[in-house]
Amino acid sequence: MQKSTVLYLKNVISCKIVERINRFVVKVNINNKYEFAYSDNTGRLDNLLFRGNEGVCILKEGGNYKYRLIAIKDIKGYSLIDTKFHSFCFKKLLSLRRLPFLRDAVVVKRNVKIYTSVIDYLLKDKDGKRIYVELKSATRRENLSASYPDAPTLRGRRHIKDLIKIIRFNKGVSMIIFVCSVPHAQSFKPALEVDYKLSVLLKKAYLKGVKIKAFSLVFDKDSNSIVLENPSLKVILD
């Protein structure tokens, strides 16, 4: 499948990972100088965030840190770890009608409170039907698959339970979309050995009518751009 550019980035800076300081700060080496970079991805990222691995930063506007860590080298390319860019690119792809499973949908509201969760998006289709969408970042590689999560997540389980309730009480359509940033991934599947309960819950949600979708979004180092590799990845729940 032919790749397509979603967004070109400016002020891109190569770095080397030194260590993770806390959930939001990573120590990096830029031009033989230690710097602190902000990261909005609070996952463990164990397969990516290790000393000596190559990373990609951009200059950060405002805040306590000069740099923002947005991508890290994977064995087959660069994984886009920045969840802000995941969300931005999702909205752009939606407006361009590049996601086949949401061809006619538009954004109604961001961060929608329903039951015990705040869901990322409320959309509506051409017939006015409400579609509740939760985005999840899948940066963990399992051979040729992207997987989620990379650590047990009570919050993720709660989101799935509330998306099932939306179906049960006929509030609209529920959808979980995995933004897969594993270069050349051929499918998505839940990380059974990381969070067994979530994996079981995800299969239950599918059987109850929650739509489970995935698309592949990576960073291309040669062009300093975010690239859509596959607009609709195969989802494996068994």
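The numbers here are math on the coordinates, done by the rules we state, and not lab data. What you see is a predicted model; the values in this text were computed from it and never measured. Cβ placement follows ideal geometry from the backbone for every residue including glycine, while neighbour counts extend to all protein chains displayed.
Overall shape: prolate for segment 42-137, with the ratio a/c of the largest to smallest alpha carbon gyration tensor axis at 1.5 or above and a/b above b/c.
What separates the Cα centres of segment 87-148 and segment 182-238 is a distance of 13 Å.
Using just its DSSP H runs of length 4 or more, each adding -39500 (n - 2.57), the chain gives a mean residue ellipticity at 222 nm of -5500 deg cm²/dmol after division by all residues. The angle between the Cα long axis of helix 154-168 and the longest principal axis of the Cα atoms of the chain comes to about 30 degrees, rounded to the nearest 10.
Find the percent of Cα-Cα distances in segment 4-80 that exceed 14 Å, and round it to a whole number. Looking at segment 4-80, the distances longer than 14 Å represent 58 percent of pairs. Comparing Tyr34, Ile114, Leu192 along the charge dipole axis of the chain, the residue lying farthest to the positive side is Ile114, per the Cβ-charge model.
Given their separation in residues at 0.36 nm each and the Cα-Cα distance between them, Lys76 and Asn31 gain 13.8 nm when the chain is fully extended.
When the Cα positions of Asn53, Ala105, Tyr78 are compared along the charge dipole of segment 1-131, Ala105 comes out farthest toward the positive end, with charges on each C-beta of Lys, Arg, Asp and Glu. Modelled label positions at Phe101 and Leu237, each set 7 Å beyond Cα in the direction of Cβ, lie 1.0 nm from each other. Mean sequence separation of contacting Cα pairs (under 8 Å, at least six apart), scaled by the length of segment 1-123, corresponds to a relative contact order of 17 percent. On full extension, the segment bounded by Asn170 and Lys204 gains 10.5 nm, given 0.36 nm per residue less the C-alpha separation.
Let me test this: with uniform point scatterers at the alpha carbons of segment 161-226, what is the Debye-based log₁₀ I(q)/I(0) at q = 0.12, 0.26, 0.28, 0.29 1/Å? Evaluating at q = 0.12, 0.26, 0.28, 0.29 Å⁻¹ gives log10 I(q)/I(0) of -0.42, -1.11, -1.19, -1.22. For the chain, the average shadow cast by the Cα convex hull is 12.8 nm², which is a quarter of the hull's surface.
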